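The values are calculated or read from the model by the stated rules, or taken from the named source; none is laboratory data. Just so it is clear, the structure is predicted and the values come from calculations on it, not from any experiment. Reconstructed Cβ throughout: ideal geometry from the backbone, glycine too, with neighbour counts over all protein chains shown.
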Amino acid sequence: MTARLAKGQFDMNDLRGQLAQMRRMGGLGALAGMMPGMKKAQGALAQAGGDKVLIHMDAMIGSMTVKERSKPELINAKRKIRIAKGSGTTVQEATERAEERAEKLKAQEEAAAAAAAAPAEEAPAEETTEA
C-alpha cells in the first residue's frame, strides 16, 4: 500500500481498507490513546463522535460505483447527491469528505515529491585493508 501511496495511486478502495483496519484497532479514540500525549484528544474524540466519521465515510465509499472508487475525480454534483442518499448522509457531508480526501491526497503527493527530491545521503566508502 505504501508503494501505491508513493506513486499517487491511493484510491477509495485503499481508504476503505484503512478505515476498516482503524475500526478493528478500536476506532479513533483507541488509536489516539496509543499515542503519547494524546489522552486529552482521546476524550475529545469520544465527545465529538469520532468513530461515527469512520462509519459515515465507509458508507459513502460503499455507495460509490467501482469507477468512482478508483477515480474519485469523476464525482460530480449528481453523483454526490446519489452517494449522499445511498449512505444516509447529506450532500454537504459528502462534499466535505471529498474535499478532505483531495487535500490528503495533495499533501501525500507533496510529501512523496519532497522525499524523492531530497538528495540521498551517500554511505561513506569502506576502506579495505589488505594484510
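Key figures
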{"quantity": "Residue ID - surrounded by the most Cβ atoms within 10 Å (Cβ to Cβ), chosen from residues in segment 103-114 that are more than 13 Å from Asp11 (Cβ to Cβ) and not hydrophobic (A, V, I, L, M, F, W, C)", "calculated": "Glu109"}
{"quantity": "Answer from Glu100, Glu121, Glu73, Glu130 - the residue that is modelled with pLDDT of 75 or more and exposed (fewer than 11 other Cβ atoms within 10 Å of the Cβ)", "calculated": "Glu73"}
{"quantity": "Of all residues making up segment 30-47, the number that are surrounded by 14 or more Cβ atoms within 10 Å (Cβ to Cβ), in a helix (DSSP H, G or I) and at pLDDT 70 or above", "calculated": "4"}
{"quantity": "Scan of segment 68-91 for residues that are polar (S, T, N, Q), closer than 21 Å to Lys52 by Cβ and not in a helix (DSSP H, G or I), ordered by number", "calculated": "Thr89, Thr90"}
{"quantity": "Residues located in segment 64-92, provided they are touching a residue at least 40 places away in the same chain (Cβ under 8 Å) and hydrophobic (A, V, I, L, M, F, W, C)", "calculated": "Met64"}
